[in-house]
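Visitor: Have a look at this one.
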Amino acid sequence: MKQLSFSLAILLLLSACSSAYKAPKEPFEGFPTPTALDYSSLDNWSASPLKKDFADTIPETVGGESQDTAKVDVFFIHPTTYVGGKTWNDDLKQEKYIKATDQRAIKHQASVFNHVCRVYAPRYQQMVYSGFFAKDTLSRNKALAIAYRDVRTAFRYYLQHHNQGRPFILASHSQGSLHAIRLIRDEIDGQDLQKQLVAAYLVGWPVSSDTSFAVLQPCTQSDETGCYVTWNCYLRNHYPKYYDPYFKGAHVTNPISWRSDTLLAPKSSHKGLLWANYKKIYPNLVNAQAHEGILWVSRPLFFIRRKDYHVADYNLFWLDIRANVAERVEAYLEKF
């Protein structure tokens, strides 16, 4: 297989050791309070059916971008791409962070839904990556609150102006999933809107099996709807540094078998990994097994030394996710 590409090397920065990035020197109050975003402006959407964007892309070996005729929407909340910033929240004025969101998260993750969903992905004033490791927990919580305020505002705008009663998928990764969990609690769980939820893909953040939601339950099979899936990828036999406080007891969906059991899903069932250049799909490359709150994955050839596969939570199972989204959408539409 090809030598580790530059684009994948950039992706790996997102899971770099926390010591590589220091939290802002000033507390949250030391910076201007970010103002709410106006989601009537397409500039505040990383992806929207109303404009050309990276959610419209398709790998060379995969076809089927069908947003114009899709009967379902996806509201996608992107992961942290504000890495190395000096303020607690991204002000959306620095082009390098906008490009990081569009060309990595939206292209590699949100695009997986574009064959059966219209893709809506808001920009939001995300908390800086280093904030997750800051000792100043008060500033961290305030920064996360700003990010969540944007996400919730964007979701409400989407519902009011675009949804029109359509079924939708809620999808996310990493910091995006942290906000998605709260969004479900506030806006969806146990409410009338839950009837429109095809499924939630809450990837890259631990979701507790017992305490996350009052009504919404984890999916247990590939065609189940009105439920959620979640996983966090690590090399087989490896436990992450913060395993006990964050991952122990979390629910795990196996994105090869789409079951919640602990059986090994073999490489022969793996539909395909999306390579970092967004061109090549590699099928039958990894196996996967849920284990005590995390997903153990066999080593992909290009991760020679790494044990944390967080940045590849979507890419590792890109074609598996794409097929599963179509299956759940079909199952949902058959019911209504």
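Visitor: Expected output is a single nm value to one decimal: the length gained when fully extending between Ser268 and Ser209, i.e. 0.36 nm times separation in residues minus the C-alpha distance. What is it?
Guide: That works out to 18.4 nm of additional length.
Visitor: Let me ask something else. So for region 20-335, averaging the separation of alpha carbon pairs under 8 Å that are six or more residues apart and normalising by length, what relative contact order in percent results?
Guide: Averaging sequence separation for qualifying contacts and normalising by length gives 17 percent for region 20-335.
Visitor: What is region 179-336's relative contact order, in percent, from Cα pairs under 8 angstrom and six or more apart in sequence?
Guide: Contact order relative to length: 24 percent.
Visitor: If you don't mind, there's one more thing I want to ask. Quick query: amide H of Gly272 versus all other amide H atoms, modeled in the peptide plane; which residues come in under 5 Å with a sequence gap of 5 or more or a different chain?
Guide: Under 5 Å from the amide H of Gly272: Asn284, Leu319, Asp320.
Visitor: Place a point 7 Å from Cα of Asp38 in the direction of its Cβ. Which residues in region 80-100 have their backbone N less than 17 Å from it?
Guide: 92-93
Visitor: So, R0 is 22 Å and r is the distance between the beta-carbons of Glu95 and Asn141; what FRET efficiency does that work out to, to 0.05?
Guide: Step by step, r from the Cβ atoms, then E = 0.15.
Visitor: Please identify the helices of the chain, taking whole runs of DSSP H, that span at least 15 Å along their own axis as judged from the Cα atoms and have a mean Kyte-Doolittle score of 1.0 or higher.
Guide: Passing helices, by number: none.
Visitor: Sticking with this structure for a sec: Going by amide H atoms built from the backbone, whose H comes under 5 Å of the H on Tyr82, apart from near neighbours?
Guide: For Tyr82, whose amide H was placed from the backbone, the distant partners under 5 Å are Tyr129.
Visitor: Can you give the FRET efficiency for Ser222 and Lys71, using 1/(1 + (r/R0)^6), R0 = 30 Å, r = Cβ-Cβ distance, to the nearest 0.05?
Guide: According to the calculation, E is roughly 0.95.
Visitor: While we're looking at this one, here's another question. Treating the Cα atoms of region 180-336 as identical point scatterers in vacuum, please give the log10 of the normalised Debye intensity I(q)/I(0) at q = 0.14, 0.17, 0.19, 0.21 Å⁻¹, two decimals.
Guide: Once normalised to I(0) and log-transformed, intensities are -0.69, -0.99, -1.20, -1.39.
Visitor: How about region 295-336: which trypsin sites (Lys or Arg not before Pro) there lie in a loop by DSSP and see at most 15 other Cβ atoms within 10 Å?
Guide: When the trypsin sites (Lys or Arg not before Pro) of region 295-336 are filtered for loop state and at most 15 Cβ neighbours within 10 Å, Arg305, Lys307 remain.
Visitor: Here's a follow-up. Hey, any idea what the orientation-averaged projected area of the convex hull of the chain's Cα atoms comes to, in nm²?
Guide: 15.8 nm²
Visitor: 222 nm [θ] for the chain, helices only, -39500 (n - 2.57) per DSSP H run of 4+, per residue, to 500?
Guide: Result for the chain: -6000 deg cm²/dmol, rounded to the nearest 500.
Visitor: Related question: Please compute the modelled spin-label separation between Lys195 and Arg152, points set 7 Å along Cα→Cβ, answer in nm with one decimal.
Guide: Each label point is offset 7 Å from its Cα along the Cβ direction, giving 2.5 nm.
Visitor: Taking the Cα centre of the chain as origin and charging only Cβ (+1 Lys, Arg; -1 Asp, Glu), how large is the dipole, in debye to the nearest 20?
Guide: Around 1000 debye, computed over the chain.
Visitor: Also: With Kirkwood's inverse mean 1/r over C-alpha pairs for Rh, give me the Rg to Rh ratio of region 92-181, two decimals please.
Guide: Dividing the radius of gyration by the Kirkwood radius yields 0.99.
Visitor: Over the chain, what is the percentage of antiparallel beta bridges among all DSSP beta bridges, to the nearest 5?
Guide: 35 percent
The numbers here are math on the coordinates, done by the rules we state, and not lab data. This is a predicted model, so every value here is computed, not measured. When we count neighbours, we look across all protein chains shown, and the Cβ atoms used for this are built from the backbone with ideal geometry, even at glycine.
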